[in-house]
Amino acid sequence: MKFFADTAEIDDIRKLAESGLLDGVTTNPSLVKKSGKDFLDVVREVASIVPGPVSAEVVAQDYDGMMREAEVLRKIAKNVAVKVPLTPDGLRTCKALSGDGTMVNVTLCFSANQALLAAKAGAAFISPFLGRLDDIGQPGIELIADIRIIYDNYDFPTEILAASIRHPIHVLEAAKLGADVMTAPPSVIWQLFKHPLTDSGLAAFTKDWESTGQRIA
Ligand code: E4P
C-alpha cells in the first residue's frame, strides 16, 4: 500500500519524507486555505520534496476552465497529478488529460458507480472519501470493498486511493480490502508507528543494556 500525506503543510511533508515511507501527497482547496500559503508555490515545493505523485486540485467547474487550470498545474512538475471532481465535466477533463499521459486523481467519490465512471475515463487514481461517508451514517469502508471487486472484474488499472481517512482503523481496513493507496493527515500516519508495548519494551531493553556497561560503537 502506498502512503500519501493529505496536507499542504511543508514542514509536515518534509518530516514524513525523512521517514522514507512517504510515496506522495494530496492537497485540496481547504488544505491550501488552512496552510495560508500560495497554492502554486505549495505545489512547486511539495513536488520537489516528494518524488511520487502530488495531487493539485482544479477549482473551475466547467471543462474549458478545468483544462486551462490543469495546463498550469501539470507544467509545474512531472509528478503533479491533476485532481478533478467527480462530475461530468470533471470526467471529461480526466479523459482528455489521461489521453495525454497526465496523471489524474478523481476526487469526491462517494459511490461505486462513480468509481466505475472514473476508471472508464482513464483516471490514475480514484479517491473514495471514507470519513465523510461515515459522518452521514454510511460505512465508508464498504465502498472500498465494492470498488475493489469492480476494478478487479475488469482489470481497470485505476488505483484506489482511500481518502478522508480519520484514524488508524481506516488505514487497517482499507489495507485489508486491497486499497492501493491511502492518504491521511500526518498525525494519523505518525499514529501508525505507535504501540505502548513497543515503548515499554524499548525502555526495558535500554535499562538492561545500560546496566551491562557495554557499548556497540
Ligand atoms: C483527499 O484527497 C482529500 O483531500 C481528503 O482526504 C479529504 O479529507 P477530509 O474529509 O478529512 O476533509
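Counting only helices (runs of 4 or more DSSP H) that sit wholly inside segment 154-217, those with at least 2 residues that are out of contact with any His (no Cβ under 6 Å at 6 or more places or on another chain), surrounded by fewer than 18 Cβ atoms within 10 Å (Cβ to Cβ) and of a type in the set (D, E) are 196-212. When residues in segment 20-44 are screened for being in a helix (DSSP H, G or I), more than 16 Å from the ligand (Cβ to nearest atom) and within 19 Å of the chain's Cα centre (by Cα), 2 of them pass. Name the residue, out of A8, A47, A56, that is assigned to a loop (DSSP other than H, G, I, E, B), free of Cβ contacts under 8 Å to residues at least 60 places away in the same chain, open to solvent by less than 40 Å² (accessible area, probe 1.4 Å) and of a type in the set (G, A, S). Being assigned to a loop (DSSP other than H, G, I, E, B), free of Cβ contacts under 8 Å to residues at least 60 places away in the same chain, open to solvent by less than 40 Å² (accessible area, probe 1.4 Å) and of a type in the set (G, A, S) holds for just one of A8, A47, A56, which is A8.
Going by the structure shown, is N105 among the polar types (S, T, N, Q) and more than 12 Å from the ligand (Cβ to nearest atom)? So N105 does not fit the description; no.
The values are calculated or read from the model by the stated rules, or taken from the named source; none is laboratory data. Only a predicted model underlies this, so the values are computations on that prediction, with no experimental measurement involved. Don't worry about glycine lacking a Cβ; one is built from the backbone with ideal geometry, like all the others, and counts go over all protein chains shown. We work out accessible area using only protein heavy atoms, side chains counted, and drop any ligands, DNA or RNA first. Shrake-Rupley method; radii C 1.70, N 1.55, O 1.52, S 1.80 Å.
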